[in-house]
Amino acid sequence: MIAIIDYDAGNLKSVEKALHYLGQETVITRDPEVILKADKAVLPGVGSFGDAMGNLHRFHLVDVIKDFAATGKPFLGICLGLQLLFERSDETPGVEGLGILKGEIVKIPPCDGLKIPHMGWNSLDINPNAVLFKGVAQGSYVYFVHSYYLKAEDESIVAATTEYGTHIHAAVESGNVFACQFHPEKSSENGLQILKNFASLQAENLSCV
């Protein structure tokens with residue numbers, strides 16, 4: 001069972017639909033007991049970093065997510081869900097993120113000819129050792145929608161990067177915690193392969209974050 005964490009940040013149904021297409025059993029929930037009993041968990045989301053952290057606190061999910069990550073079971077953050085895993089964001093100064101991973105979220109700098117928010121398909125430079133991208137070709141295109149991007153403190157956790165006016169850490173892998181700034185559920189066959197890879201992960205084969 002894969003728990004899709006519901007904290008009123010949207011983008012749940014498209015993730016659920018993609019996982020169902022892959023034959024996965026899912027539940028959309030904010031029930032701590034259900035989340036902690038799940039085999040895997042996904043934190044999707046779109047919107048504001050500050051509002052999202054507010055919702056996670058309001059629904060008492062902050063410690064639940066940290067506890068789940070500490071179990072060693074596979075965890076996947078998508079888009080805003082990636083950003084929330086880190087320590088802080090320029091979008092809402094003073095608001096602490098989950099801090100499960102070290103790094104910060106910064107605004108994409110203005111660049112002639114590039115629109116912000118970044119909405120569209122970009123190619124990935126993939127770390128050949130990345131578990132999440134097994135079977136995904138170097139240079140594959142995935143779909144992004146964001147105005148802020150990750151600068152991970154430890155570049156060894158970066159699984160894929162892209163360029164959009166700056167160098168963007170597009171995906172990370174750290175022990176049992178995985179995250180993508182792009183939307184795999186909206187990224188056609190490449191995205192489905194990434195979700196399939198996540199769904200096939202087993203906790204016993206992963207180190208804990």
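The values are calculated or read from the model by the stated rules, or taken from the named source; none is laboratory data. Here the structure is a predicted model, which is why all the values come from computation and not from measurement. Cβ atoms come from the backbone with ideal geometry, glycine included; neighbour counts cover every protein chain shown. Side chains included, ligands, DNA and RNA excluded: accessible areas come from the protein's heavy atoms. Shrake-Rupley method; radii C 1.70, N 1.55, O 1.52, S 1.80 Å.
Please return the longest stretch of the chain lacking exposed loop sites, where GluC sites (Glu not before Pro) count only if DSSP places them in a loop and at most 13 other Cβ atoms lie within 10 Å. Spell out each step's value before the answer.
Details: sites that count: E25, E96, E153.
With GluC sites (Glu not before Pro) excluded where exposed in loops, the chain gives 26-95 as its longest stretch.
Counting only heavy atoms of protein chains, what accessible area per residue, in Å², does region 55-110 have with a probe of 1.4 Å?
Spelled out: the 1.4 Å probe surface of region 55-110, per residue, equals 40 Å².
Sequence-distant or interchain residues sharing an amide H contact under 5 Å with D6, placed H: which?
T29, R30
Averaged over all directions, how much area does the convex hull of the C-alpha atoms of region 121-209 cover when projected, in nm²?
5.6
Counting DSSP beta bridges with both partners in the chain, what percentage is antiparallel, nearest 5?
Antiparallel bridges: around 60 percent, rounded to the nearest 5.
Report, to the nearest whole %, how much of the accessible area of the chain belongs to carbon and sulfur atoms, 1.4 Å probe, protein only.
Roughly 49 percent, rounded to a whole number.
Write down Rg/Rh for region 157-206, rounded to two decimals, with Rg from the C-alpha atoms and Rh from the Kirkwood relation over Cα pairs.
In region 157-206, Rg relative to Rh is 1.01.
Enumerate the whole-percent occupancy of each 5 Å bin, from 0 to the last occupied one, for all C-alpha pair distances of region 128-175.
5, 17, 33, 25, 17, 3
What value, in deg cm²/dmol to 500, does the helix sum -39500 (n - 2.57) over DSSP H runs of n ≥ 4 give at 222 nm once divided by the residues of the chain?
Estimated from H runs of four or more residues: -7000 deg cm²/dmol.
Can you compute 3J(HN,Hα) from phi for each residue in region 114-122, using the Karplus curve 6.51 cos²θ - 1.76 cosθ + 1.60 with θ = phi - 60°, rounded to whole Hz and x for Gly and Pro?
10, 8, 10, x, 6, 10, x, 9, 10
Quick check for you: with a 1.4 Å probe and neighbouring chains kept, what is the accessible area per residue of region 122-183, in Å²?
Accessible area per residue: 38 Å².
Would you kindly find the accessible area of R30, with a 1.4 Å probe and non-protein molecules such as ligands, DNA and RNA excluded, rounding to the nearest 10 Å²?
Probe radius 1.4 Å; accessible area of R30 about 80 Å².
Top mean-square fluctuation among H57, H146, H183, Gaussian network model of the chain, C-alpha springs under 10 Å?
The residue that fluctuates most here is H57.
Can you compute the radius of gyration and Dmax for region 1-59, using only the Cα atoms, both in Å?
11.5, 34
Once you have the Kirkwood Rh of region 1-101 from its Cα pairs, apply Stokes-Einstein at 4 °C and 1.567 mPa s and quote D in µm²/s.
Using the Kirkwood radius from Cα pairs, D works out to 96 µm²/s.
Roughly how many whole Å is it from the C-alpha centroid of region 154-203 to that of region 79-114?
Taking the Cα centre of each part, region 154-203 and region 79-114 sit 16 Å apart.
If amide hydrogens are placed 1.01 Å from N in the peptide plane, which non-local residues have theirs closer than 5 Å to the one on S140?
It is L124, by chain and number.
Report the convex hull volume per residue for the chain, counting only C-alpha atoms, in Å³.
Numbers: hull volume 21.3 nm³, N = 209.
Normalising the Cα hull of the chain by residue number yields 102 Å³.
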